[in-house]
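The values are calculated or read from the model by the stated rules, or taken from the named source; none is laboratory data. Bear in mind the structure is a predicted one, so any value in this text is a computation, not a measurement. Cβ atoms come from the backbone with ideal geometry, glycine included; neighbour counts cover every protein chain shown.
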Amino acid sequence: MGLLAALWGASYLFIKVALDDGVAPVFIVFARLALGALVLVPIAIGQRALGALRGRWDAILFISLVQVVVPFLLITYGERHIPSSLAGILVASAPIFTALLAVRYDDDERPRGIAAAGVVMGIIGVVLLFGIDLRGDAAALAGGLMVLLASVGYAIGGLYLKHRLRGVPAVGIAASTLLAGTLVLAPAALFALPSAVPSTAATASLLVLGAGGTGIAFLIFYTLIAEIGPSRASLVTYLAPAFAVVYGVWLLSEPLTAGAVLGLLLILAGSWVAMEGRLPGQAKAAAAAPLGAGLESPRAPS
């Protein structure tokens, strides 16, 4: 779980390194999806996990767009204007949006009691970040909104997965969505090819971002689900933002403000309470509603 959190948290660092080298956002996302697909598709084929997708390719295309292609593009474009550490914090708000959407679309996931207080706590954390760290800078504000919209996409995708793809092996969904995203972005990527060979640092960042932070990370996540269960495995989504902050501050010399720290704590605490329906240390009253038989998905794939 520590390795997975480190990989997912490092995704924002690798994106920033590639951007600083002049690599176009569209090409970064295309390379990330293609490399991730190269890792996962052979595994999905070996496990015969793609057969269950027969007749559901419209759902796979929708998931690929709303939970992979568009969020990855929004995060990458957003990181042109905000620090990588702040992007990692904002993405952690996905469970908050899941709870808000569930009020209208999913009664099982609807926040009740203390969970509603968690939603409010997370919203306060987001407002704090925008009011302090992004205040007075129109470009940074736009970048922050892009990353926040990516979190909304993750929330929509998670609820859609629960209702439309029950019983489908998770590794098959992950592999097929990455493959579909690669095909969708391929035409645009042809017009975003680097004009010069990227630096060694940028090339290594793209390789690790795609094969490691996307392909291998998803594989580790689904292995954790099988070995320790989905509830415990999902805890990694609360660890990854802290890694993103450490990487950004330590390796990229990004500023660490009091607003960022407080916003991170409020968002993570609010997300936990909203999803778990309890305070840390309290016994869980009832098991969380599963995403589907044989199917679990990361709340905020990075």
Q. What is the residue count in region 91-145 for residues that are touching a residue at least 40 places away in the same chain (Cβ under 8 Å), closer than 23 Å to GLN67 by Cα and of a type in the set (Val, Ile, Thr)?
A. 6
Q. Give me the pairs: first residue in region 234-245 and within 12 Å of LEU86 (Cα to Cα), second residue polar (S, T, N, Q), beta-carbon distance under 7 Å, and six or more apart or on different chains, which are they?
A. ALA244/SER84; ALA244/SER85; VAL245/SER85
Q: Go through LEU207, LEU264 for me and flag whichever is assigned to a helix (DSSP H, G or I), modelled with pLDDT of 90 or more and over 23 Å from GLY158 (Cα atoms).
A: LEU207
**Q.** Members of region 156-174 that are outside any loop (DSSP other than H, G, I, E, B) and either over 18 Å from GLN47 (Cα atoms) or of a type outside the set (A, V, I, L, M, F, W, C) (or both)
**A.** ILE156, GLY157, GLY158, LEU159, TYR160, LEU161, LYS162, HIS163, ARG164, GLY172
Q.
Checking the conditions here, which among PHE27, PHE14, PHE97 is under 24 Å from ILE220 (Cα atoms), part of a helix (DSSP H, G or I) and not hydroxyl-bearing (Ser, Thr, Tyr)?
A. PHE14
Q: Among the candidates ARG54, ARG32, single out the residue that is under 23 Å from GLY167 (Cα atoms) and among the basic types (Lys, Arg).
A: ARG54
Q. Could you list, in sequence order, the residues of region 41-90 that are part of a loop (DSSP other than H, G, I, E, B), closer than 14 Å to ALA174 by Cβ and among the aliphatic types (A, V, I, L, M)?
A. ALA49, LEU50
**Q.** Meets criteria (part of a helix (DSSP H, G or I) and either buried (at least 16 other Cβ atoms within 10 Å of the Cβ) or not aliphatic (A, V, I, L, M) (or both)) for LEU185
**A.** yes
(Q) So the check is Cβ under 6 Å with 6+ separation or different chains; which pairs have a first residue in region 190-203 that's touching a residue at least 24 places away in the same chain (Cβ under 8 Å) and a second one that's among the β-branched types (Val, Ile, Thr) and part of a loop (DSSP other than H, G, I, E, B)? (A) PRO194/VAL23; PRO198/VAL23; ALA202/VAL23
(Q) Name the single residue that is surrounded by the fewest Cβ atoms within 10 Å (Cβ to Cβ) among those in region 131-153 being among the hydrophobic types (A, V, I, L, M, F, W, C) and in contact with a helix residue (DSSP H, G or I) (Cβ under 6 Å, 6 or more places away or on another chain). (A) ILE132
(Q) Checking ILE28 against (1) over 14 Å from LEU207 (Cβ atoms); (2) out of contact with any Pro (no Cβ under 9 Å at 6 or more places or on another chain), only one condition comes out false. Which one? (A) (1)
Q: Scan region 31-88 for residues that are β-branched (Val, Ile, Thr) and closer than 30 Å to GLY263 by Cα and jot them down.
A: ILE63, VAL66, VAL68, VAL69, VAL70, ILE75, THR76, ILE82
Q. Looking at this structure, is LEU13 on the phi < 0 side of the Ramachandran plot, touching a residue at least 40 places away in the same chain (Cβ under 8 Å) and crowded, with 24+ Cβ neighbours inside 10 Å?
A. yes
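Go through the residues of region 184-195 one by one and say whether even a single one is farther than 19 Å from LEU256 by Cα and within 20 Å of the chain's Cα centre (by Cα). I'd like the intermediate steps shown before the answer.
Taking region 184-195 and keeping what is farther than 19 Å from LEU256 by Cα, we get 184-195.
Those left that are additionally within 20 Å of the chain's Cα centre (by Cα): 184-185.
Taking every residue of region 184-195 in turn, at least one turns out to be farther than 19 Å from LEU256 by Cα and within 20 Å of the chain's Cα centre (by Cα).
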